[in-house]
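One structure is given here, and the rest of the page talks about it.
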Amino acid sequence: MEAKLVDVLPDDDGWQFEPKWDGFRALIMRNGDRVSIKSKSGKPLDRYFPELVSLFAQLSENNFLLDGEIVLPQGDALSFDALQARLHPAASRITKLSRETPAQVVLFDCLWLGQIDLSKEPLTSRRARLEEFHVRHGSEMLRLSPISLELNDAKGWLARTGGALDGVMAKRRDQPYLAGERAMLKVKQKRTADCVVAGFRYAAEGGAIASLLLGLFNEAGKIDHVGFTSSFDDEARAVLEAKLSPYLGGSGFSGKAPGAQSRWSTKRSSEWVPLAPELVVEVLYDQVTASRFRHGTRFLRWRPDKAAKQCTFEQLVFELRPAEIETVVVGDRS
């Protein structure tokens, strides 16, 4: 069951709200002695998370199908980079990581329990059975996603977590589990950052500027490459070259830089062109992984009022750990 991205949460009756988790969506199935963990695309995840296989194999419940999110806390935040590091070909490396930084599962649905197929039951029934399951088996590694039936609570989560919550999910309480359908709604947290434009890339064909390369000052005062923005309409793209030309020949990135730098790039080249790091833009981003924007950002506006030196990593928001998010969410009802 998947989600449709929307701008605002629904305000009519009959919805359940819960935090949106940033990890690997997974279906966890146990049938007797066999435990399997599959990704949303159906690929097996068992070998990458042996500590979770062991966790579910030790439960007294031996027949279930659960829907949830595999997350991996590091420090005060969830680390998607650490999750990706688990997708490693070497079993010895996976074993080492599973011991050093064990993953967690945040459960949010129950499709089968014992001999009962719950997938056709409404969410209210599935949630009740999931809560019973968690009372019996919950632990630090096996968590239950908190929920609320109040829209104001969901809005409050977004406001009080300071952007650290990835977003909010909305699910119909009277709905069965509709596998493969976008029957849920999600609102993602809007996070913005002011970045230095330290370079750009030309489009592979046509000679237009394809994207601006973004940088932030690190603690050593160097400019690290953190991502790009390419969300320009035709009108904005037409004036980019004139806007950037006064800054050509600059130093570009002084810290971590993109690959394939060339000061002699042609308009048909995919190599990047350095600029004097003086222009500042405000962009909209979703998540940060390994001190970089995980996806392309959306251009919002130029910031002529902002000094490049003010564009530091301190403004980035990293996601909270499940226990910290639960404190915010459950606190609404305590």
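The figures follow:
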quantity	calculated
Of residues in the stretch 32-45 being of a type in the set (D, E, K, R) and modelled with pLDDT of 95 or more, the one farthest from the chain's Cα centre (by Cα)	R34
One residue from G180, G221, G215 being at pLDDT below 95 and of a type outside the set (S, T, Y)	G180
Residue list for the stretch 92-132, filter: more than 26 Å from G180 (Cβ to Cβ), surrounded by fewer than 12 Cβ atoms within 10 Å (Cβ to Cβ) and over 26 Å from the mean Cα position of the chain (by Cα)	S92
Selection from the stretch 15-31 of residues that are at pLDDT 95 or above and either in a loop (DSSP other than H, G, I, E, B) or over 19 Å from the mean Cα position of the chain (by Cα) (or both)	W15, Q16, I28, M29, R30, N31
Residue within the stretch 146-155 that is within 20 Å of the chain's Cα centre (by Cα), part of a helix (DSSP H, G or I) and modelled with pLDDT of 90 or more present	yes
Condition check for K4: loosely packed, with under 12 Cβ neighbours inside 10 Å and touching a strand residue (DSSP E or B) at 6+ places or on another chain (Cβ under 7 Å)	yes
Matching residues in the stretch 122-168 - criterion: being touching a Phe, Trp or Tyr at 6+ places or on another chain (Cβ under 6 Å) and of a type outside the set (A, V, I, L, M)	S145, S148
Test: residue in the stretch 70-88 that is under 17 Å from H137 (Cβ atoms) and surrounded by 20 or more Cβ atoms within 10 Å (Cβ to Cβ)	yes
Residues satisfying the stated conditions in the stretch 51-75, i.e. hydrophobic (A, V, I, L, M, F, W, C) and within 19 Å of I325 (Cβ to Cβ)	I70, V71, L72
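Here is a yes/no grid of residues against (1) over 22 Å from the mean Cα position of the chain (by Cα); (2) within 24 Å of H295 (Cα to Cα):
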position: A208; (1), (2): yes, yes
position: L214; (1), (2): no, yes
position: A220; (1), (2): yes, no
position: H225; (1), (2): no, yes
position: T229; (1), (2): no, yes
position: D233; (1), (2): yes, yes
position: A242; (1), (2): yes, no
position: L248; (1), (2): yes, no
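The values are calculated or read from the model by the stated rules, or taken from the named source; none is laboratory data. Just so it is clear, the structure is predicted and the values come from calculations on it, not from any experiment. With ideal geometry, Cβ positions are generated from the backbone for all residues, glycine too; neighbour counts draw on all protein chains shown.
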